[in-house]
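Engineer: One structure, pasted below without further comment.
The values are calculated or read from the model by the stated rules, or taken from the named source; none is laboratory data. Everything quoted here is computed from the prediction, not taken from an experiment. Heads up: the accessible areas ignore ligands, DNA and RNA and are worked out on the full protein's heavy atoms, side chains in. Shrake-Rupley method; radii C 1.70, N 1.55, O 1.52, S 1.80 Å.
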Amino acid sequence: QCSLTGRWVNDLGSNMTIKTVNANGNFMGIYNTSVSATTKKIMASPLLGSQHLPNQLNHPTFGFTVHWTFSDSITVFTGQCFVDDDGKEVLKTMWLLRTHADKRGDDWKATRVGYNEFKRLE
Ligand code: BTN
(Lines give C-alpha, C1' and ligand atoms only; values in the text may rest on other atoms or scores of the structure.)
Protein backbone atom coordinates (compact mmCIF):
# COMPACT_ATOMS: atom_id res chain seq x y z
CA GLN A 1 0.00 0.00 0.00
CA CYS A 2 0.90 3.63 -0.57
CA SER A 3 3.01 3.14 -3.64
CA LEU A 4 1.51 5.75 -5.96
CA THR A 5 1.59 3.47 -9.00
CA GLY A 6 -1.91 3.05 -10.46
CA ARG A 7 -5.06 5.06 -11.20
CA TRP A 8 -6.50 7.65 -8.83
CA VAL A 9 -9.59 9.90 -8.78
CA ASN A 10 -10.06 13.04 -6.70
CA ASP A 11 -13.02 14.88 -5.15
CA LEU A 12 -13.40 17.03 -8.30
CA GLY A 13 -13.63 13.96 -10.52
CA SER A 14 -10.15 14.46 -11.99
CA ASN A 15 -8.11 11.32 -12.48
CA MET A 16 -4.46 10.50 -12.88
CA THR A 17 -2.48 7.44 -13.85
CA ILE A 18 0.96 7.00 -12.32
CA LYS A 19 3.38 4.64 -13.97
CA THR A 20 6.03 2.67 -12.14
CA VAL A 21 7.61 4.34 -9.13
CA ASN A 22 11.33 3.62 -9.55
CA ALA A 23 13.83 2.57 -6.86
CA ASN A 24 14.53 6.21 -6.01
CA GLY A 25 10.84 7.02 -5.65
CA ASN A 26 10.62 8.98 -8.89
CA PHE A 27 7.61 8.59 -11.17
CA MET A 28 5.83 9.90 -14.26
CA GLY A 29 2.17 9.85 -15.20
CA ILE A 30 -0.78 11.43 -16.95
CA TYR A 31 -3.32 13.79 -15.37
CA ASN A 32 -6.86 14.26 -16.69
CA THR A 33 -8.43 17.27 -14.97
CA SER A 34 -12.22 17.57 -14.88
CA VAL A 35 -12.08 21.34 -14.34
CA SER A 36 -10.04 24.26 -15.64
CA ALA A 37 -9.50 27.92 -14.85
CA THR A 38 -9.41 28.51 -18.61
CA THR A 39 -11.98 28.16 -21.39
CA LYS A 40 -9.56 26.04 -23.44
CA LYS A 41 -10.39 22.46 -24.39
CA ILE A 42 -9.07 20.20 -21.64
CA MET A 43 -6.40 17.69 -22.66
CA ALA A 44 -4.54 15.00 -20.75
CA SER A 45 -1.25 16.38 -19.43
CA PRO A 46 2.00 14.85 -18.17
CA LEU A 47 3.01 14.77 -14.51
CA LEU A 48 6.44 14.24 -12.95
CA GLY A 49 6.95 13.49 -9.28
CA SER A 50 8.77 11.88 -6.43
CA GLN A 51 7.75 10.00 -3.29
CA HIS A 52 9.38 8.56 -0.22
CA LEU A 53 9.25 4.80 -0.56
CA PRO A 54 6.48 3.01 1.40
CA ASN A 55 8.76 0.10 2.33
CA GLN A 56 11.01 2.54 4.21
CA LEU A 57 8.30 4.70 5.76
CA ASN A 58 4.61 4.35 6.63
CA HIS A 59 2.32 6.96 5.10
CA PRO A 60 4.92 8.40 2.72
CA THR A 61 4.99 11.99 1.51
CA PHE A 62 5.22 12.89 -2.15
CA GLY A 63 5.09 15.74 -4.63
CA PHE A 64 4.44 16.09 -8.33
CA THR A 65 4.18 18.74 -11.01
CA VAL A 66 1.56 18.80 -13.76
CA HIS A 67 2.63 20.57 -16.95
CA TRP A 68 -0.71 21.49 -18.55
CA THR A 69 -0.48 21.01 -22.30
CA PHE A 70 -3.63 23.03 -23.08
CA SER A 71 -2.87 26.11 -20.96
CA ASP A 72 0.10 28.24 -19.89
CA SER A 73 -0.25 27.04 -16.29
CA ILE A 74 1.66 24.69 -14.02
CA THR A 75 0.30 22.96 -10.92
CA VAL A 76 2.41 21.53 -8.12
CA PHE A 77 0.82 19.05 -5.73
CA THR A 78 2.31 17.93 -2.42
CA GLY A 79 0.76 15.43 -0.09
CA GLN A 80 0.83 12.28 1.95
CA CYS A 81 -0.66 8.81 1.53
CA PHE A 82 -2.80 7.51 4.41
CA VAL A 83 -4.86 4.37 4.90
CA ASP A 84 -8.46 5.04 5.99
CA ASP A 85 -10.58 3.03 8.46
CA ASP A 86 -11.70 0.70 5.64
CA GLY A 87 -8.11 -0.08 4.73
CA LYS A 88 -8.24 2.04 1.56
CA GLU A 89 -5.46 4.38 0.51
CA VAL A 90 -6.22 8.08 0.46
CA LEU A 91 -3.90 10.80 -0.85
CA LYS A 92 -4.33 14.08 1.03
CA THR A 93 -2.86 16.85 -1.08
CA MET A 94 -2.52 20.58 -1.37
CA TRP A 95 -1.79 22.31 -4.66
CA LEU A 96 -0.62 25.60 -6.12
CA LEU A 97 -1.85 26.46 -9.61
CA ARG A 98 0.31 29.08 -11.27
CA THR A 99 -1.37 30.81 -14.20
CA HIS A 100 0.48 33.00 -16.67
CA ALA A 101 0.62 36.70 -15.79
CA ASP A 102 1.02 38.96 -18.82
CA LYS A 103 2.83 41.58 -16.75
CA ARG A 104 4.68 41.85 -13.45
CA GLY A 105 1.88 43.95 -11.99
CA ASP A 106 -0.48 40.96 -12.36
CA ASP A 107 1.77 38.59 -10.41
CA TRP A 108 -0.27 39.02 -7.22
CA LYS A 109 -3.32 37.29 -8.74
CA ALA A 110 -1.58 34.53 -10.64
CA THR A 111 -1.47 31.76 -8.00
CA ARG A 112 -4.42 29.71 -6.75
CA VAL A 113 -4.24 27.30 -3.82
CA GLY A 114 -6.42 24.37 -2.83
CA TYR A 115 -6.84 20.87 -1.46
CA ASN A 116 -7.61 17.59 -3.20
CA GLU A 117 -8.20 14.11 -1.85
CA PHE A 118 -7.51 11.17 -4.14
CA LYS A 119 -8.75 7.57 -3.87
CA ARG A 120 -7.51 4.61 -5.84
CA LEU A 121 -9.64 3.66 -8.87
CA GLU A 122 -10.33 -0.05 -8.48
C1 BTN B 1 -5.63 25.33 -16.05
O2 BTN B 1 -6.77 25.62 -15.65
O3 BTN B 1 -4.86 26.20 -16.52
C4 BTN B 1 -5.12 23.93 -15.99
C5 BTN B 1 -5.99 22.98 -15.23
C6 BTN B 1 -5.91 23.15 -13.74
C7 BTN B 1 -6.74 22.15 -12.99
C8 BTN B 1 -6.66 22.32 -11.48
S9 BTN B 1 -5.13 21.79 -10.80
C10 BTN B 1 -5.79 21.85 -9.18
C11 BTN B 1 -7.23 21.39 -9.25
N12 BTN B 1 -7.33 19.94 -9.08
C13 BTN B 1 -7.75 19.35 -10.19
O14 BTN B 1 -7.91 18.12 -10.29
N15 BTN B 1 -7.94 20.24 -11.16
C16 BTN B 1 -7.73 21.59 -10.69
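Engineer: What number results when the radius of gyration of the chain, computed over Cα atoms, is divided by 2.2 N^0.38 Å?
Structural biologist: 1.09
Engineer: Rounded to the nearest percent, how much of the accessible area of the chain (1.4 Å probe, protein heavy atoms only) is carbon and sulfur?
Structural biologist: 54
Engineer: Among the lysines, which fall within straight-line cross-link reach of K88, defined as a Cα-Cα distance under 30 Å, with same-chain neighbours fewer than 8 residues apart omitted?
Structural biologist: Cross-link targets: K19, K119.
Engineer: Send over a whole-number figure in Å² for the accessible area per residue of segment 6-120, probe 1.4 Å.
Structural biologist: Accessible area per residue, segment 6-120: 61 Å².
Engineer: List, in order, the whole-Hz ³J(HN,Hα) value for each residue of segment 3-13 obtained from phi through the Karplus relation with A = 6.51, B = -1.76, C = 1.60 and θ = phi - 60°; use x for Gly and Pro.
Structural biologist: 7, 6, 3, x, 10, 9, 10, 10, 5, 8, x
Engineer: In whole Hz, with x marking every Gly and Pro, tabulate ³J(HN,Hα) for segment 101-107 from phi via Karplus 6.51 cos²θ - 1.76 cosθ + 1.60, θ = phi - 60°.
Structural biologist: 9, 6, 8, 4, x, 9, 4
Engineer: Taking a probe of 1.4 angstrom, what is the accessible area of K119 in Å², to the nearest 10?
Structural biologist: 90
Engineer: Under 18 Å between alpha carbons, and skipping anything fewer than 8 positions from K109 in its own chain: which aspartates and glutamates qualify?
Structural biologist: Once the sequence-local aspartates and glutamates are set aside, what remains near K109 is D72.
Engineer: If you don't mind, another one. Tell me the accessible surface of F27 in square angstrom (1.4 angstrom probe, heavy atoms of protein chains only), to the nearest ten.
Structural biologist: Taking all protein chains as shown, F27 has close to 10 Å².
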